[in-house]
Structures are given as C-alpha cells and as structure tokens.
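Quick note: the coordinates plus some simple rules give every number you see, no bench work behind them. Please read all numbers here as calculations on a predicted model, not as lab measurements. Backbone-built Cβ (ideal geometry, glycine too); neighbour counts: all protein chains shown.
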Amino acid sequence: MIKVRAFVHRTKISCWKCYKDTPVVYAFRPPNNKFEKEFDSKWIGAYEVTPDQDLAMGLALENKYPWYRIGRSSTMGMDVHANFCLFCDSLQGNWYVWKDLLNKRTNGIILEFDEYVDYETDIDAIIEGSPEDEKRKTKMGYSDDPNFIDT
Ligand SMILES: [Zn+2]
C-alpha cells in the first residue's frame, strides 16, 4: 500500500435533470506513486489517475463529500463513483463533469484544485514507458546503460 494525495476541484454545475445548481467534485491523482503535496496543473490530461481506476480514491472522496458515492451509470452500464444532485439525487455523469471542466479551461478559466483527500491505495499510477517508469527500471537494475552501477 502507498500513501497518496488526490487533488480535488470543486465547482457547481446545472443538474441535467432539475436544472438546479449542484456541487460536483472532479478529483485525480498525479501519474506517479509519490505523495505529492503541491498541485501541478501539468498533470491534467497527462495520464492522471481518476476514481474510475482507483476505487480507494472514490471511497476517500465519498467520506468527504456527501453528494459523492458509487452508483449505477446507465450510459456506462456499470457502477461508478459519481456526483449526485443535492436536490433530485440524479447521477451527474463523469463525462459531463469533465466536459464542463474542459470548457472552462478552453475559456481561459484557471481551475483551482485547492482541496484534496489523502488515502492509501495499491494502484500503481506509473505508466509503462513514461520517464517515471524508466527511472524505476533503472533503479531496479534493468538499465541497458553500460555505465550503470548497481548500488
Ligand atoms: Zn437535480
């Protein structure tokens, strides 16, 4: 198990069903296995880990945000962690929340990820072939570099 921090952007969207403004959170963890304390916007759209991959993150968010829990997504046909409308309890699709974020970014709005949840997980966030992955392989002694010294 590793201890990690997921960064959370909290905003409000108009519920697709009742049209009232309801709070939603979008959370992710950086694409590495470190306990990162400071948010870095370059992680957005760069293999960030979401609750879809990391169930432990969804559970940590569930503990913090009363409108966030696991539920049946009819569009995805499976159980997913998602935001639910505070007024009519409808599931706000993760894609819909993500699209709202992308729209804001496109319009030049700086997205604040000023909330977070710390939790433990066994999900490896390092992408095969990424610089982090290369570093790890080197450390483990898989390097092809003839000058590599195994310490
Ligand atoms: Zn609603």
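Taking the Cα-to-Cβ direction at ARG72 and at ASP89 and moving 7 Å from each Cα, how far apart do the two end points lie in nm?
1.4 nm
Quick one: Karplus J couplings for segment 47-59, per residue in order, coefficients 6.51, -1.76, 1.60, θ = phi - 60°, nearest Hz, x for Gly and Pro?
Listing the rounded values in order: 6, 4, 9, 10, x, 4, 8, 10, 4, 4, 5, x, 5 Hz.
Using only the alpha-carbon atoms, how far is helix 94-106 inclined from the longest principal axis of the chain? Give it as 0 to 90 degrees, nearest 10.
80 degrees
Taking the square root of 5 times each eigenvalue of the Cα gyration tensor, what semi-axes in Å does the equivalent ellipsoid of the chain have, largest first?
Working: eigenvalues 234, 52, 36 Å².
Its equivalent ellipsoid spans semi-axes of 34, 16, 13 Å.
Once every DSSP H run of n ≥ 4 in the chain is given -39500 (n - 2.57) and the sum is divided by its residues, what mean residue ellipticity at 222 nm do you get, rounded to the nearest 500 deg cm²/dmol?
Estimated from H runs of four or more residues: -6500 deg cm²/dmol.
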